[in-house]
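The values are calculated or read from the model by the stated rules, or taken from the named source; none is laboratory data. Please read these numbers as outputs of a predicted model, since none were measured by experiment. Glycine also receives a Cβ, built like all others from the backbone with ideal geometry; neighbour counts cover every protein chain displayed. For accessibility, only protein heavy atoms count, side chains too; no ligands or nucleic acids. Shrake-Rupley method; radii C 1.70, N 1.55, O 1.52, S 1.80 Å.
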Amino acid sequence: GAEDAPFHLQLIIDTPTSPVTSGLPLFFVITVTAIKQGYEDWLRHKADNAMNQCPVHFIQHSKLVRKQSRKLRVGDIVMVKEDETFPCDLIFLSSNRADGTCHVTTASLDGESSHKTHYAVQDTKGFRTEEEIGGLQATIECEQPQPDLYKFVGRINIYSDLSDPVVRPLGSENLLLRGATLKNTEKIFVAIYTGMETKMALNYQSKSQKRSAVEKSMNVFLIVYLCILVSKALVNTVLKYVWQSEPFRDEPWYNQKTQSERQRNLFLRAFTDFLAFMVLFNYIIPVSMYVTVEMQKFLGSYFITWDEDMFDAETGEGPLVNTSDLNEELGQVEYVFTDKTGTLTENNMEFKECCIEGHVYVPHVICNGQVLPDSSGIDMIDSFSSVSGREREELFFRALCLCHTVQVKDDDDVDGPRKSPDSGKSCVYISSSPDEVALVEGVQRLGFTFLRLKDNYMELLNRESDVERFELLEILSFDSVRRRMSVIVKSATGDIYLFCKGADSSIFPRVIEGKVEQIRARVERNAVEGLRTLCVAYKKLNPEEYEGVGKLLQAAKVALQDREKKLAEAYEQIERDLVLLGATAVEDRLQEKAADTIEALQKAGIKVWVLTGDKMETAAATCYACRLFRRSTQLLELTTKRLEEQSLHDVLFELSKTVLRHSGSLTRDPFSGLSTDGQDYGLIIDGAALSLVLKPREEGSSGNYRELFLEICRNCSAVLCCRMAPLQKAQIVKLIKFSKEHPITLAIGDGANDVSMILEAHVGIGVIGKEGRQAARNSDYAIPKFKHLKKMLLVHGHFYYIRIAELVQYFFYKNVCFIFPQFLYQFFCGFSQQTLYDTAYLTLYNITFTSLPILLYSLMEQHVSADALKRDPVLYRDIAKNALLRWRVFIYWTFLGVFDALVFFFGAYFMFENTTVTSNGQVSTSVVLCTCATLAGIAWTPAVPFLSVTSEQAVLFTPEKATVSAPPGPATSKCFSSPQWNRPRGLCRGPVASAPRCLAACPGWFAHPLACAFSPGV
């Protein structure tokens, strides 16, 4: 037996806790995540299978064949019926409609439910039968697949005989996208992009991952706790070898080492011990925190969806949460960047007036086809009396009737042109732009009604109730860079006109004739009143000029390389030397409670910037109406007009002096920038000036315009950016986002032109408006109206941040409470890596015992009522700049955990110092341990004692020397001679653990309530 003992001692496992104990929490976290991801993958796989097995009608060898959609190949000709979804991206070849058009809805692509018109290729639109399609010989050249839904460049070469092929340009109007739905009858198409090359599939790619400030803080805190873990393990490893350096401590008589153990490398042993301590203390890292935080975010996001106050009864829309990862970021916003049209305003246009060569016309006040009450007749101020004036007037009205992309909704009961002006009231106009609908409806009240576009002819009804037909020759479509659109039409008399409509800044420079000054004055007056203005001009083309224009456009349209650039150059050449006809004014009313919302946000310490494509005067009027600018606000301008008079350098330094002159003397609110002494500044900047500010400086030039610009902005209570292109909106957001303070930014908008800034900001919010759903689709959250932003930030954002911050801090706190006693325990057990807790506690402490209660708390906690938060926006400032997760608060929670751990450990230590536990589990303080100190033949040198309690024994042990108290009887003498002492139980691992566990291995000692007791001996 004695010779075998060293052999048995080698079987001891080195790790202080079992692999199950250490691995189970991590396994739990990974399993929960894997189940969630796996379930989502399974749903995707199921959806993919359903999509791939959809039946599609092919045309092969002039016959109709039905196959599964997964067998689609590029070049296949497909037939799609009404209300079917397109299986891939298709070029529109023909339809059964005489004009070769079809109507499509793209709700599943961009959320827009309105019907869009697409056009068949000119040379194939007459094909009706499978035989005709089967005999088609053509090749299609197009660009490489790319995700932009609204852009397509290609051309089709049609071979009719041995002569040269007919080349036709292909654009987005000929392309039908996978996922869109057909809203007419049978159509015939040819496949272009299939599978993962379709634009829909290319848009599956996720947006760039946004991470909240709380997540970043969590990661930093975890690194700190990892350092604490390593330092704990190092301290214990060093102290272990210091303690074992004294004789007999490293190798007590009951735990002799084998020869191979004695020869083992010291550094290898030290490294093994270090790893053992790492395993022992690894529970300080809150592994399950990420799962709990994810659950809290996911479940918490439903509170926004369920909020009845944020439901809009008028539209039937409620808030949407597209990502729950940023809930707490709603409570940290410092800058709000908002679009104007459709976000601050209703995007509900009312035609107010038009000005023709200085003469003003005010029709009925009409809104979306409905005549508002208390308005009757046509009030025509300063109407023309001369014949030439009357011609200009009618030309202006014709221009408004023809220069647009408005469609008339189909009415099956009416098959011919409408004959009376009153019948025009039944017209329902559809357009992607509410402005255009308002203009067409407005001019209808002034006597000219747009009837329809049929077979490339535009029909309108004039004041004499005669139908006029104009052949539509070309459309020079609108874009946000040109800020204008044109049409070229041919009248019944053979005259060719170019009508151009656009922003005043893009029309006036191209005008060579007309009453420019009178019209400019009226436009500026309307803009100051907050009306949206457009200018209308025209030019007459002779046949030779039109032929040149046609060739120029055709060359640009069929180009596969740089088509957009070549088209822009062609448009620039065509739209010049115009004659100014007049201008229109349309009102876009302010949204309900928009002013209250902006005021509340400013009180909460949030800076509000308005980014819009509108002209400066219109935008400024809206800013005054919604209280972004107050009457006391001093406006500072950084505009193109001012830069024509002074250099950018001088303007910036002058503005800087103005705002900084008062910054020393005035008491300024550090959050909102509002001066408490009554002098506020508002900055107005336009797109051209912004380009100059952001332009990289040349080598050697002094100063940095960006920093100077940011310094001016910081001292302004509000900033208005007008004439902004979509990309410039994103640049502004990026500029503030990466400034030295790194503030949390929020962008809110409702149109496709706002998507870039929504994606750029920390938090993107889409308004479910009239400009489609591109913004809502690309945003993190979507709300029906701008007014709902107030509750989303001040109430939901506040609650989310408070809850998640306390959840994170509590997780670190509880783990310190749990593991620090384990660290202290090592000082009482000779640094032998003994565990203080039972395996079940180690495993379940993080997974269930402490994670579920805090999860419920973090979902339900409301430290202040929602009404109080809405009533007093200043409360939002209490949590600004990540206030609850700063280093000071984090250190406080950590030291609180250390303090509580000391109380737990030494409280238990001193409470049990002079007590014992009987066999029935009761604690008795009247029993004095160690009454029979001489009965045991084992003695250790006295050291600081510690109590380890089980239900059947009370063992007070010290590292070196103790006295064993046992009941008299044969069991005492049998214990050390029993074969059980030598049985390989894997018990005697170190100088401390050995004694009590080896003695407890003797069953005879369990017969008495005071089974085994170790205490300081003599």
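With a 1.4 Å probe and every protein chain left in place, tell me how much accessible area L885 has, in Å² to the nearest 10.
Here the residue's solvent-accessible area equals roughly 10 Å².
Where the eigenvalues come from the Cα gyration tensor of segment 497-596, what are the semi-axes √(5λ) of the equivalent ellipsoid, largest first, in whole Å? Don't skip to the end; give the middle numbers.
Numbers: eigenvalues 213, 77, 18 Å².
After scaling each eigenvalue by five and taking roots: 33, 20, 9 Å.
Loop only per DSSP, at most 16 neighbouring Cβ atoms within 10 Å: give me the GluC sites (Glu not before Pro) in segment 300-369, ordered by residue number. Before the final figure, lay out each step's value.
On the way: sites: E308, E314, E317, E328, E329, E334, E346, E350, E353, E357; in loops: E314, E334, E357.
Answer in residue order: E314.
Past 28 Å, Cα to Cα, is the threshold; run K352/K515; K151/K740; K116/K340; K116/K297 against it and keep the listed order. Before the final figure, lay out each step's value.
On the way: K352/K515 21 Å; K151/K740 37 Å; K116/K340 25 Å; K116/K297 39 Å.
Beyond 28 Å: K151/K740; K116/K297.
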